[in-house]
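Notes follow once the structure below has been shown.
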Amino acid sequence: MADDVKDKVIRIIAEQAMLDPADISMTQSLEEIGIDSLGLVESIFAIEEEFDIQVPFNANEPAKSEFDISSVASIVGAVEGLVAAQKA
Amino acid sequence: MRRVVITGAGTINALGASVPATLEAMREGRCGIGPLEIRDIDRLTVQIGAQIRDYDESAHFNRQQIALYDRFTQFALLSAAEAVGQSGLVFEGELAARAGVIMGTSGGGLNTQDENYRVVYEEGKNRVHPFVVPKLMNNAAASHVSMQWNLQGPSFTVATACASSNHAMGQAFAMIRSGLADAMVTGGSEAMLCFGGVKAWEGLRVMSRDGCRPFSATRNGMVQGEGAGMFVFEEYEHAAARGAEILAEVIGFAMTSDAVDIVMPSKKGAARAISGALADARIDREAVGYINAHGTGTAANDKTECAAVADAFGKHANDLMISSTKSMHGHLIGGTGAVELLACIMALRDGVVAPTIGYEEPDPECALDVVPNEAREARVEVALSNAFAFGGLNAVLALRAAP
């Protein structure tokens with residue numbers, strides 16, 4: 001399941017950034033990938049739709065959000081957590 | 001150049017169903033935000049708003065009228081009645097031909113859309129009420145106001161999202177000043193607190209779930225409101241000749257476009273609009289004592305607006321007061337500038353500056369005198385009203401105390 005989540009999240013981010021998934025590195029931040037605040041909100045929407053989960057995110061306080069968006073890896077981790085929590 | 005004064009004001013919003021009630025609430029720093037009571041509220045994650053409570057449309061309008069009046073039209077008509085009543089103007093003959101109505105709204109008859117989409121999509125019905133189109137159209141409110149008061153001159157509706165009212169009132173001001181009209185009924189109205197209206201905003205993730213705290217470090221988003229504000233703008237000599245009570249003078253207006261981003265505000269575009277209004281009014285920036293801020297309570301707006309004010313006013317930015325009354329009446333979107341103009345009139349006429357309530361903690365990026373939590377008595381000579389819309393469309397009005 002883990003790789004599945006990772007691949008899907010990377011595909012969503014790559015699509016948003018108009019890049020090839022192979023060009024996305026797990027250590028990159030969204031800013032480095034070229035995703036702005038609107039792109040971030042759209043990516044989160046796509047993630048919610050893909051996994052049928054609710055992502056706790058308020059654009060006014062991204063740092064305070066339980067959903068860590070500091071890098072691709074952190075997003076993948078957070079989504080895995082939400083998916084697991086939903087199945088539990 | 002012809003001068004323009006305000007001789008009538010009317011409103012209905014979460015703070016009150018009249019101008020006196022609204023101003024009293026602003027003086028007391030009362031909050032109109034609370035739990036939303038709308039259909040399917042359980043499917044919304046944002047469940048608060050500045051909703052008009054205890055509103056019974058049948059107390060104001062008959063069955064035939066309700067069939068034609070969306071909630072935003074009703075609010076506009078009620079507000080216009082108060083404004084025109086106060087002005088004492090009777091629109092007949094030449095005056096009727098030289099008077100019109102310019103309104104701002106963003107969503108227009110959104111409740112009508114929401115209800116009827118439900119009927120055809122959710123309930124699967126194949127027939128809708130014959131008046132759906134004339135009820136939902138954005139110019140419905142302006143048209144009904146024109147019919148109610150026999151306003152036969154230039155009339156239309158402006159939609160520039162959160163700046164709609166200011167753009168509308170700016171047009172009314174320009175028309176009287178240029179000689180195209182002698183009196184204009186102008187302002188804005190919005191009734192977006194329905195399931196679809198809130199759900200759409202929810203999607204953008206800029207809404208607060210717990211309150212509107214503009215300029216406070218603890219702010220976490222905007223809160224929607226609803227209602228209308230309407231005014232009678234009148235050519236000064238016309239008003240003076242009939243001995244009308246003048247609430248304030250409109251002395252300047254400017255609009256700019258950021259031309260940058262569809263949602264992120266720009267300091268430059270906002271500052272240009274502020275400076276433009278001062279230049280149009282031909283006043284020194286030091287004359288400005290109060291600014292009714294756009295102050296949405298989002299992270300981005302409030303810091304950008306404060307930076308724009310600092311840019312436009314230089315050192316004087318530290319000597320003026322700037323408050324966001326959205327903390328009390330919520331964000332009325334296309335109607336917001338109209339209700340906020342009331343706070344400017346209160347500052348100029350009554351010497352009372354409305355507070356920014358919900359203020360908890362200073363934000364170094366909003367380090368201006370935001371009149372936290374309590375109204376303040378002060379003599380204000382000139383007041384500005386800021387509106388900075390999504391889409392980067394900015395509109396700023398400048399008002400002076402009655403001559």
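The values are calculated or read from the model by the stated rules, or taken from the named source; none is laboratory data. Since the model is a prediction, treat every value here as computed from it, not as a measurement. Please note: Cβ atoms are built from the backbone with ideal geometry, for glycine as well, and neighbour counts cover all protein chains shown.
Report, by residue number, each residue of the range B:253-276 that is of a type in the set (Ser, Thr, Tyr) and without any contact (Cβ under 8 Å) to a residue 60 or more places away in the chain.
B:Ser275, the sole residue that qualifies.
If I go through the range B:250-269 residue by residue, how many of them are of a type in the set (A, V, I, L, M) and within 17 Å of B:Ala398 (Cβ to Cβ)?
Residues in the range B:250-269 being of a type in the set (A, V, I, L, M) and within 17 Å of B:Ala398 (Cβ to Cβ): 4 in total.
Could you give every pair whose Cβ atoms fall below 6 Å, whose first residue belongs to the range A:46-72 and is over 18 Å from A:Arg11 (Cα atoms) and within 10 Å of chain B (Cβ to nearest Cβ), and whose second residue is among the small types (Gly, Ala, Ser) and surrounded by 18 or more Cβ atoms within 10 Å (Cβ to Cβ), counting only separations of at least 6 or pairs across chains?
Partner pairs satisfying both residue conditions: A:Asn60/B:Gly221; A:Asn60/B:Ala299.
Check whether at least one residue in the range B:207-225 is in a loop (DSSP other than H, G, I, E, B), surrounded by fewer than 24 Cβ atoms within 10 Å (Cβ to Cβ), modelled with pLDDT under 95 and within 11 Å of chain A (Cβ to nearest Cβ), and report yes or no.
Looking through the range B:207-225, none of the residues is in a loop (DSSP other than H, G, I, E, B), surrounded by fewer than 24 Cβ atoms within 10 Å (Cβ to Cβ), modelled with pLDDT under 95 and within 11 Å of chain A (Cβ to nearest Cβ).
Please verify whether B:Ala244 is away from every other protein chain (no Cβ under 14 Å) and either aromatic (Phe, Trp, Tyr) or buried (at least 23 other Cβ atoms within 10 Å of the Cβ) (or both), treating the condition exactly as stated.
no
Which one of B:Met328, B:Met264, B:Met321 is more than 14 Å from B:Thr356 (Cβ to Cβ) and of a type outside the set (Asp, Glu)?
B:Met264
Select, from B:Gly104, B:Gly100, the only residue that is in contact with a His (Cβ under 7 Å, 6 or more places away or on another chain), modelled with pLDDT of 95 or more and buried (at least 24 other Cβ atoms within 10 Å of the Cβ).
Within the list B:Gly104, B:Gly100, the selection yields B:Gly104.
Of a type outside the set (Phe, Trp, Tyr), under 19 Å from the mean Cα position of the chain (by Cα), part of a helix (DSSP H, G or I) and modelled with pLDDT of 95 or more: is that true of B:Ile251 in this structure?
No; evaluated as a whole, the condition is false for this residue.
Those residues that are within 14 Å of chain A (Cβ to nearest Cβ) and either in contact with a His (Cβ under 6 Å, 6 or more places away or on another chain) or among the aromatic types (Phe, Trp, Tyr) (or both), I need them from the range B:175-206; list them, please.
B:Trp201
When you look at B:Arg39, is it touching a Gly at 6+ places or on another chain (Cβ under 8 Å), basic (Lys, Arg) and either surrounded by fewer than 17 Cβ atoms within 10 Å (Cβ to Cβ) or closer than 30 Å to B:Glu237 by Cα (or both), yes or no?
no
Among residues belonging to the range B:254-285 that are over 21 Å from the mean Cα position of the chain (by Cα), more than 14 Å from chain A (Cβ to nearest Cβ) and among the hydrophobic types (A, V, I, L, M, F, W, C), point out the one that is surrounded by the fewest Cβ atoms within 10 Å (Cβ to Cβ).
Checking each candidate, the answer is B:Ala259.
Tell me which residues, restricted to the range B:341-366, are closer than 12 Å to B:Ser323 by Cα and either part of a loop (DSSP other than H, G, I, E, B) or free of Cβ contacts under 8 Å to residues at least 60 places away in the same chain (or both).
Matches in the range B:341-366: B:Ala347, B:Ala354, B:Pro355, B:Ile357, B:Gly358, B:Tyr359.
Please find, within the range B:52-97, the residue that is surrounded by the most Cβ atoms within 10 Å (Cβ to Cβ) out of those that are among the β-branched types (Val, Ile, Thr) and not in a loop (DSSP other than H, G, I, E, B).
B:Thr73
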